[in-house]
1. For the stretch 145-182, how many residues meet the condition of being surrounded by fewer than 16 Cβ atoms within 10 Å (Cβ to Cβ) and not in a helix (DSSP H, G or I)?
2. Quick check: is even one residue across the stretch 17-28 touching a helix residue (DSSP H, G or I) at 6+ places or on another chain (Cβ under 9 Å), without any contact (Cβ under 8 Å) to a residue 40 or more places away in the chain, under 25 Å from Asp208 (Cα atoms) and not β-branched (Val, Ile, Thr)?
3. Check Leu250, Leu229, Leu222, Leu214 and return the single one that is buried (at least 17 other Cβ atoms within 10 Å of the Cβ) and in a loop (DSSP other than H, G, I, E, B).
4. Tell me, which residue of the stretch 1-26 that is closer than 16 Å to Val200 by Cα and of a type in the set (Lys, Arg) is most open to solvent (accessible area, probe 1.4 Å)?
5. Taking into account only those residues within the stretch 49-68 that are under 17 Å from the mean Cα position of the chain (by Cα) and assigned to a helix (DSSP H, G or I), which is nearest to Phe15 (Cα to Cα)?
6. May I ask you to verify whether Ile56 is closer than 18 Å to Val113 by Cβ and at pLDDT 90 or above?
7. Evaluate the following for Glu221: is it of a type in the set (D, E, K, R), within 24 Å of Ser130 (Cα to Cα) and in contact with a strand residue (DSSP E or B) (Cβ under 6 Å, 6 or more places away or on another chain)?
8. Just name the residue that is least open to solvent (accessible area, probe 1.4 Å) out of those in the stretch 97-113 that are more than 17 Å from Gly124 (Cβ to Cβ) and in contact (Cβ under 8 Å) with a residue 24 or more places away in the chain.
Amino acid sequence: MGRVHLFELHDQSWFPKPIRDADTDLLRFISEFGNPYGPIIPRLKDALIKTKSQGILDLCSGGGGPIISLREKLGAEGCAVMITLTDKFPNRTAFEYARKRSDGGVDFLVDSVDATAVPSNLSGFRTLFSSLHHFQPQMARSILQDAVDQRCPIGAFEIAERSFRGLMSPLILPLLPLLVMPFIRPFRWSRLFWTYLIPVVPPFIMWDAFVSCLRTYSTRELQTLVNGLGSNDYVWEIGREGGITTITYLIGYPNPMLGRR
């Protein structure tokens, strides 16, 4: 099945912020308790060491996603890094919560950051967790090209997959916010309002999750994106990692061998 780029509601600038924040908060909750990104920790650690990166600049951070648990696991592996969260629509409450929980190991920017044109003063190993699929091929290529042009290593990691299993999983998602919304921290009355009193969140979550699966890039499509970049000396690693939860990954960084010439 080919990639289909339908619209996700929380990508829209007109979409109400309280409902968008409820979605990103829920995704963070899932990432923290489900540890879906665990399989890529060794690869990310290896890339951080190879590129001598002291920090991560996370793009399209949403509600912070897996960042807190990811930093803890990297630290346990002897790879301590500072992480900065950014987003086009920053969820400041969630970002402040992440900074507090990490004892300052996670910081954030309050200003909007466009992943296709990251300000040159923002350094670090760029990461995108379950967000590259939000971009059409031309824009996704622009994100990669911007990293290449600024000589920044970059990694994109996706949980969603364009498969029968992936497309069926969103059908159970409307139950999840009904079960867990009262337990997500920091507490917000708006999440309960839009989940129980006016139940917009459950169908919204299901729609966006379904569309995410349709929009996710396959490894072959990721290779096509890389092949379409301007001349570069980057090493590109593309593949899938994991078992029950499988992560599609793309990691790129300047070729260290060429840099020694």
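The values are calculated or read from the model by the stated rules, or taken from the named source; none is laboratory data. Everything numeric in this text was worked out from a predicted model, so none of it was measured. Note: ideal-geometry Cβ built from the backbone for every residue, glycine included; neighbour counts use all protein chains shown. We work out accessible area using only protein heavy atoms, side chains counted, and drop any ligands, DNA or RNA first. Shrake-Rupley method; radii C 1.70, N 1.55, O 1.52, S 1.80 Å.
1. 3
2. no
3. On the way: Leu250 fails: in a loop (DSSP other than H, G, I, E, B); Leu222 fails: in a loop (DSSP other than H, G, I, E, B); Leu214 fails: in a loop (DSSP other than H, G, I, E, B).
Result of the check over Leu250, Leu229, Leu222, Leu214: Leu229.
4. So, considering only residues that are closer than 16 Å to Val200 by Cα and of a type in the set (Lys, Arg), the one most open to solvent (accessible area, probe 1.4 Å) is Lys17.
5. Ile67
6. Taking the combined requirement at face value, the residue satisfies it.
7. Here the answer is no, as Glu221 does not meet what is asked.
8. Here is the first cut: in the stretch 97-113, the ones more than 17 Å from Gly124 (Cβ to Cβ) are 97, 100-101, 103, 110, 112.
Still in the running and in contact (Cβ under 8 Å) with a residue 24 or more places away in the chain: 97, 101, 112.
Values: Tyr97: 53, Arg101: 99, Ser112: 74 Å².
So the residue we want is Tyr97.
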